[in-house]
1. Name the pairs: first residue in the range 40-59 and touching a residue at least 60 places away in the same chain (Cβ under 8 Å), second residue open to solvent by 50 Å² or more (accessible area, probe 1.4 Å) and outside any loop (DSSP other than H, G, I, E, B), Cβ to Cβ under 9 Å, at least 6 apart or on different chains?
2. Within the range 1-29, count every residue that is open to solvent by less than 70 Å² (accessible area, probe 1.4 Å) and at pLDDT 85 or above.
3. Is there a residue being farther than 30 Å from C44 by Cα, at pLDDT 70 or above, open to solvent by 90 Å² or more (accessible area, probe 1.4 Å) and within 22 Å of the chain's Cα centre (by Cα) anywhere in the range 185-203?
4. If I filter the range 45-57 down to residues being outside any strand (DSSP E or B) and open to solvent by 20 Å² or more (accessible area, probe 1.4 Å), which single residue comes out as farthest from E82 (Cα to Cα)?
5. What number of residues within the range 45-97 satisfy the criterion of being under 21 Å from the mean Cα position of the chain (by Cα) and closer than 24 Å to M15 by Cβ?
6. Scan the range 66-110 residue by residue and report those that are charged (D, E, K, R) and under 19 Å from C34 (Cβ atoms).
7. Looking at the range 35-44, can you tell me whether even one residue there is at pLDDT below 95, assigned to a helix (DSSP H, G or I), more than 19 Å from F138 (Cα to Cα) and of a type in the set (D, E, K, R)?
8. Can you name every residue in the range 137-154 that is more than 13 Å from the chain's Cα centre (by Cα) and either open to solvent by less than 80 Å² (accessible area, probe 1.4 Å) or under 22 Å from K39 (Cα atoms) (or both)?
Amino acid sequence: MSKNIIILMKVLQIMEKISEGNNIIFYNKSVFDCYNKLKDDYICIYFNEPTPVKVRLIKIINELSDENKLSLNRLTIDELKEILVKELEYERLVITFNHFERLTKRTVQVYQYLNTLKNIQFICSFSQDFKPEIYPFFKRFELVNQKEYEEKGVKNEINVTYALYIILSIYCFFIYLKSVLSIYSIFTVIGGVWIALIIFRTLVFIGGRL
């Protein structure tokens, strides 16, 4: 199967999700390509990042309107939301942006409000952990490459965990050597290594992961 056919299949899947009213989010991917492929079929807006939210709302309104409204800067965020809804009417709007993790408590409230409208969907991406107050909005999204996200997360966690186990085991080994009176005995070294190995295996067996 050629690369172009694979890309086409993904676009068709995304369009299907949009038609169902679902939000889509990617891990560690730019959504600019999605924007380029969808902008001919939908009213589609792209931001590299979602803040500042007032500037983003003004951009959306200007895209929806035939004329640039220079006076929009004077309006409040709530007033801008009202204008956006009025300008959009019943047309479908797809808002795409990267860096989902940069949402703040204030900005996420604005985007959550827009998402309550049935004709506004989001396609986003994230590459880092985000604040707890953003998680309720994240739950409204379908993570497309979830397997990739889980594999990377588990891999990093295992690497850190085993490194910590090794450090703890070595530390206990030196404590044991220091506490033994007869430092010349070969059994001291053997005993220390044996204890370190037992501690390491016990941590792996019981702890699994921290």
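The values are calculated or read from the model by the stated rules, or taken from the named source; none is laboratory data. Note that the coordinates shown come from a computational prediction; the quantities given were computed from them, not determined experimentally. Glycine also receives a Cβ, built like all others from the backbone with ideal geometry; neighbour counts cover every protein chain displayed. Just the protein is used for accessible areas: all its heavy atoms, side chains included, with ligands, DNA and RNA removed. Shrake-Rupley method; radii C 1.70, N 1.55, O 1.52, S 1.80 Å.
1. Going by the 9 Å Cβ cut-off, the qualifying pairs are P50/R102.
2. Residues meeting the conditions: 11.
3. No, that holds for no residue.
4. Of the range 45-57, the ones outside any strand (DSSP E or B) are 48-57.
From what's left, open to solvent by 20 Å² or more (accessible area, probe 1.4 Å): 48-49, 51-52, 54-56.
Values: N48: 24, E49: 22, T51: 19, P52: 18, K54: 13, V55: 15, R56: 14 Å.
Top of the filtered list is N48.
5. Qualifying residue count, the range 45-97: 10.
6. Residues satisfying the conditions are E91, R92, E101, R102.
7. Yes, the conditions are met somewhere in the range 35-44.
8. Residue satisfying the conditions is V154 alone.
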